[in-house]
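Comments concern the structure below.
Read the figures in this text as sums done on the coordinates, not as results from a lab. Treat the numbers as computed from the prediction; the structure is a model and nothing was measured. Counting neighbours? That spans all protein chains shown, and the Cβs are built from the backbone with ideal geometry, glycine included.
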Amino acid sequence: MPKTRLDQNLLKKLARKTGKTEKYLREQISIRAGKLGVSSEAFLILWAKKEGIGTGVYQRKMLPHIQSEVRDTLPSIFVLSQQRLKPSVSQKKLKRQGGKPQLSLAVEYLIQDKELFDRCEDLIKAKKNFDRVFREATTILEDRIKKLSGIKNLVGVNLVSKVLNPDPAKAVIKVSDRKFEQQGFFNICNGLILAFRDTTHHELSNKFTEQHALKFCGFIDSLLAVLEQTKKQNEN
């Protein structure tokens with residue numbers, strides 16, 4: 001069995017952040033990784049994320065199966081982190097104790113689509129102007145519909161009406177053979193365009209919070225996942 005090779009630079013950063021020795025960390029990583037059923041390399045990444053240490057550079061160098069372990073295990077790490085937070089902790093105190101690391105875990109937990117994550121992560125973590133998240137997320141949704149359908153000359157509700165027609169037989173992209181499901185997905189996307197896309201693309205707003213932005217991106221992520229499973233049909 002090949003010897004586990006933990007990234008030395010990331011291990012040093014974790015040691016500095018936690019105040020623990022590298023020897024202690026190696027032992028704990030091995031033990032905790034075993035309990036979760038993941039490799040030590042993956043658990044090192046997860047632990048670093050939990051401590052608010054940037055791991056993007058290190059994660060991209062990992063083998064594909066280790067990257068998958070990180071993605072698959074992240075939800076449980078996020079839930080455990082949430083459970084450790086006391087309800088009485090104030091928002092200011094939460095930020096001092098690591099609010100941003102908690103937010104980073106939440107973002108990675110909720111947003112699996114790479115393009116959505118890459119374009120919205122920094123906007124969600126900003127201090128204000130969260131309407132930019134709604135603007136970018138709806139643009140990504142619209143762009144994905146264009147790419148999957150091959151239709152470039154329509155935008156907004158006209159694009160959704162053409163591509164996701166409520167009648168599966170007439171839709172360019174078929175979500176379901178059942179008309180009520182096709183119509184339901186059409187209604188969701190059409191409603192998002194009318195309620196959020198059109199407004200945020202033409203007006204500035206301060207009414208959205210960090211929490212609103214995170215939840216909205218999580219929902220858009222779910223829609224993008226559905227779109228990736230759809231079938232393209234010949235245009236009528």
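Taking the helices alone, the chain has a mean residue ellipticity at 222 nm of -20500 deg cm²/dmol, built from -39,500 (n - 2.57) per DSSP H run of at least 4 residues and averaged over all its residues.
For segment 131-232, a crude dipole built from +1 on the beta carbon of Lys and Arg and -1 on the beta carbon of Asp and Glu, taken about the Cα centre, is about 400 debye to the nearest 20.
The modelled label-to-label distance between residue 194 and residue 212, using points 7 Å beyond Cα along the C-beta direction, is 2.0 nm. Give the residue from 171, 153, 213 lying farthest towards the positive end of the charge dipole for the chain; charges sit on Cβ (+1 for Lys and Arg, -1 for Asp and Glu) and the dipole is referred to the Cα centre. So the residue furthest toward the plus end is 213. Averaged over residues, the count of other Cβ atoms within 10 Å places the peptides 127-137, 108-118 in the sequence 127-137, 108-118, highest first. Stretched out straight at 0.36 nm per residue, the stretch from residue 117 to residue 155 would grow longer than its current Cα-Cα span by 11.4 nm. Which FRET efficiency value, to the nearest 0.05, is calculated for residue 28 and residue 228 with the Förster distance at 41 angstrom and r the Cβ-Cβ distance? With R0 = 41 Å, the Cβ-Cβ based efficiency is 0.65. Relative to the longest principal axis of the Cα atoms of the chain, the long axis of helix 131-149 makes an angle of roughly 60 degrees. Look at where the Cα atoms of segment 175-201 and of segment 36-58 average out, and the two centres are 37 Å apart.
Pairs from the table (152/231; 152/207; 61/114) lying more than 25 angstrom apart at Cα are 152/207.
What the Cβ-Cβ distance of residue 167 and residue 125 gives, at R0 = 30 Å and to the nearest 0.05, is a FRET efficiency of 0.15.
Between residue 12 and residue 61, what is the FRET efficiency for a Förster distance of 22 Å, r being their Cβ-Cβ separation, to the nearest 0.05?
0.85
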